[in-house]
Amino acid sequence: MTMRRLIPASLLVAGALGVLGCEPGSEPIEALCGPFEYDPETQTAPDSDDFPKVSSLLERRCGTLDCHGSLARPLRIYGAGGLRLFTLEEYNDAALAQENGTVSGGSGTTSAEHEANRRSICGIEPELTGEVIRGELPPEELMVMKKPLLIERHKGGALFQTGGPGAVCLSCWLRSFPDDIDCQDVVTECQKAIRDNL
Amino acid sequence: MNHPRSLRPLIAIVGVGLALGVAAACTDPLRDRQIAELGEEQDGFPESPIHRPGQPCVLCHGDYFGAEPQMVLGGTVFVEPEEPGGPLLGAPGYEIRLLDSQGRITSEGLITTNECGNFWVTEEQFKPAYPLRVEIYGPSLSDPDRIVQISAMSTRIGRDGSCGSCHAEPLSPLSPGAVVVPRALFNADAVDLPAPGDCPEPRYRPTVPESLAP
């Protein structure tokens, strides 16, 4: 085949692959993580009511400005002590951000930041997260568990211990109190993890 | 080895290409840009222990760029200005203590800020296991001979030994501001602040690359 024929043919194949790549098994994130406002009827996402406590743990362990509290890194985590969910006006005007408390170390984590964090967790592996939520997969199969447990390489090192309060807090929330995980309730487990620094 | 004469130019081109490729593969364009963004040394302040207060030390003094001394952690402590937005002066003589995730604590007096507030620790002195907790110690208000905890970082350091990577001015959604000794805990009688002009002007790295700006 000459180059003149090869280039259009390659483009055609690449285009077809691109279109196909959007189809099989790639459910939109909305379908798995739920709409922005959690709808308990659909049960497609881990509960958002308990998430602020989970978020507190993630903000402390994962969301420092040099780790996941960075605009440049996946699994972006917002929080009072780290990166803030800011408006364009606040970005361009530090005084306005200071006035609004939207500064690192400023006012408490907002509900919008909690929701953004919940969607970060849910959206990093939406299909697998869906399987975990439905009880088809153990939480430890998710990257958000593998990395802090150091089952998978993690630049930030081991942040949770297997079976420790941090891992239980996150698993407990992801699976909504599964039988195989010893958790009383999400808030208690997460509070324990934050208190004990484990 | 003898090659046919007609192949020699091709071999030369491939050789040069390979050499260039290997050279390019050894650089990190992101870090190169971050280093370039720090700018030149300030007039009158060549490379020295007091240079570049406020900037991320490990970016150059780490294993990538290799500037000596090689640091695992470094930064600058300032005294909180009297008025918000006022000039930041380095805080000399303050001690930094680190607690790493294996429970190791830096020995007393190991890391102390110099005359312009800069401090650092080398791998030989302390090789930390991240995440780290950081505390600042200094003279108490009531008794200058008594060294007390002045402040503790409310979050941990997760991976970056450069304080200046996160702590930049002004306080913003992307930065908690410079590392400061709170004015309310600053014992002016016990600390000799640098005179104006004795230290370089503090400078900071851009907290967000232009390409990521919203």
Cα-based shape type of the range B:40-164, given that a ≥ b ≥ c are square roots of the gyration tensor eigenvalues and the cut on a/c is 1.5: oblate
Could you rank the peptides B:27-36, B:129-138 by their average count of other C-beta atoms within 10 Å per residue, with the highest value first? B:129-138, B:27-36
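By per-residue mean of other Cβ atoms within 10 Å, what is the highest-first order of B:147-155, B:191-199? Don't skip to the end; give the middle numbers.
Values: B:147-155: 16.6, B:191-199: 13.7.
Highest to lowest by the protection proxy: B:147-155, B:191-199.
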In the range B:90-151, taking the dipole from +1 charges on Lys and Arg beta carbons and -1 charges on Asp and Glu beta carbons about the Cα centre, the listed residue (B:T122, B:Q149, B:L99) farthest towards the positive end is B:L99
Cα-derived Rg over Rh, computed across the range A:72-130 with Rh taken as Kirkwood radius: 1.06
Sparsely packed chymotrypsin sites (Phe, Trp or Tyr not before Pro) within the range B:48-87, loop by DSSP, other Cβ within 10 Å at most 16: B:Y64, B:F65
State to the nearest 20 debye the size of the charge dipole of the range A:43-196 about its Cα centre, where the only charges are +1 on K and R beta carbons and -1 on D and E beta carbons. 520
Report, in deg cm²/dmol and to the nearest 500, the calculated mean residue ellipticity at 222 nm for chain B, where each DSSP H run with n ≥ 4 adds -39500 (n - 2.57) and the sum is divided by the residue count. -4500 deg cm²/dmol
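So how do A:M143, B:M71 rank on accessible area, 1.4 Å probe, biggest first, that is with the largest at the start?
A:M143, B:M71
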B:S151 long-range amide H proximity, modeled H, under 5 Å: B:I136
Compactness of chain B, expressed as Rg and Dmax over alpha-carbon positions, Å: 21.8, 87
Ignoring ligands and nucleic acids, what accessible area does B:S142 show with a 1.4 Å probe (Å², nearest 10)? 100
If unit charges are put on Cβ atoms (+1 for Lys and Arg, -1 for Asp and Glu) and the dipole of the range A:43-196 is taken about its Cα centre, the option from A:C172, A:G82, A:P52 lying farthest towards the positive end turns out to be A:G82
Quotient of Cα Rg and 2.2 N^0.38 Å for the range A:43-196, N being how many residues it contains: 1.04
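The values are calculated or read from the model by the stated rules, or taken from the named source; none is laboratory data. Being a predicted model, the structure only gives us computed values, none of them experimental. Methodologically, a virtual Cβ is constructed for each residue, glycine included, from the backbone with ideal geometry; neighbour enumeration extends over all protein chains shown. Each accessible area value is taken on the protein alone, full model and side chains, heavy atoms only, with ligands, DNA and RNA left out. Shrake-Rupley method; radii C 1.70, N 1.55, O 1.52, S 1.80 Å.
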